[in-house]
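What follows is a set of notes on a single structure, which appears directly below.
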Amino acid sequence: MGLDDLRSLLAGRSIRVAASECLLGRSVRWNGEHNGDAWPRQRLEKVFTLVGICPEVGIGMGVPRNPIQLVGEASAPRVVAVDDPSLDYTDRLKGYASEVAVALDDVHGYIFADRSPSCGLAGVKVFAKDGSFERGGRGVYAAGVLAAYPDLPVVDAETLDDESVLLDFVLSVLARSGVVDRAVGLRDLVRGMLYPR
Ligand code: SF4
């Protein structure tokens with residue numbers, strides 16, 4: 001297979017990959033902003049159809065909204081309002097992840113926004129009562145998605161600036177989608193498509 005063959009193969013397909021909605025340039029962050037320019041979105045859009053999901057908007061928190069944070073144990077954190085810890089969104093976000101999981105059947109990968117108490121894959125701050133924190137948490141919604149789809153290719157958007165990480169993710173998604181029989185040997189072709197010299 002050559003580069004043109006790969007282009008034609010992908011041109012006729014819609015390989016769906018979910019993404020935190022703020023990564024797609026939609027202003028759904030708590031402060032009314034987005035993260036659409038903070039990662040190599042255009043490269044991924046050459047091969048995939050990106051489908052945005054915002055769990056905080058999904059549970060009705062609105063935009064703008066009060067910020068939330070993880071608290072308690074990093075292995076089983078709660079997610080609460082920064083200004084009022086009695087406002088606990090954990091169960092609603094977990095419930096939303098279960099609802100969304102049903103619709104993710106035709107999705108072959110997931111790109112998560114980093115550091116979010118809902119969407120962060122790893123290294124999210126988890127606060128103790130005294131205000132100290134450790135960076136060992138995973139967003140509550142992301143944890144729910146991964147519990148439903150433990151083998152789904154997932155990536156933290158922030159890491160996609162690394163060419164090698166991006167290629168690994170793309171090849172994992174292509175293999176899972178079944179569009180190519182095997183991703184082995186495709187790496188150089190995909191690199192040529194996504195990083196034209
Ligand atoms: S990180 Fe997740 S919850 Fe936060 S704005 Fe983006 S999509 Fe919504």
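Computed values, structure above
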{"quantity": "Computed [θ] at 222 nm, deg cm²/dmol, the chain (DSSP H ≥ 4; -39,500 (n - 2.57); rounded to nearest 500)", "calculated": "-9000 deg cm²/dmol"}
{"quantity": "Of all DSSP beta bridges in the chain, antiparallel share, percent nearest 5", "calculated": "40"}
{"quantity": "Computed Rg/Rh of the stretch 70-173, alpha carbon atoms with Kirkwood Rh", "calculated": "1.01"}
{"quantity": "q = 0.19 Å⁻¹, the stretch 108-147: log10 I(q)/I(0) [Debye, one scatterer per Cα]", "calculated": "-0.51"}
{"quantity": "Calculated diffusion of the stretch 3-194, Stokes-Einstein form, Kirkwood radius summed over Cα pairs, 4 °C and 1.567 mPa s, µm²/s", "calculated": "75"}
{"quantity": "Where N is the number of residues in the stretch 10-108, Cα Rg divided by 2.2 N^0.38 Å", "calculated": "1.23"}
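Rule-based calculations on the coordinates, nothing more; no lab input. Fair warning: this is a prediction, and the values are worked out from it, not measured in the lab.
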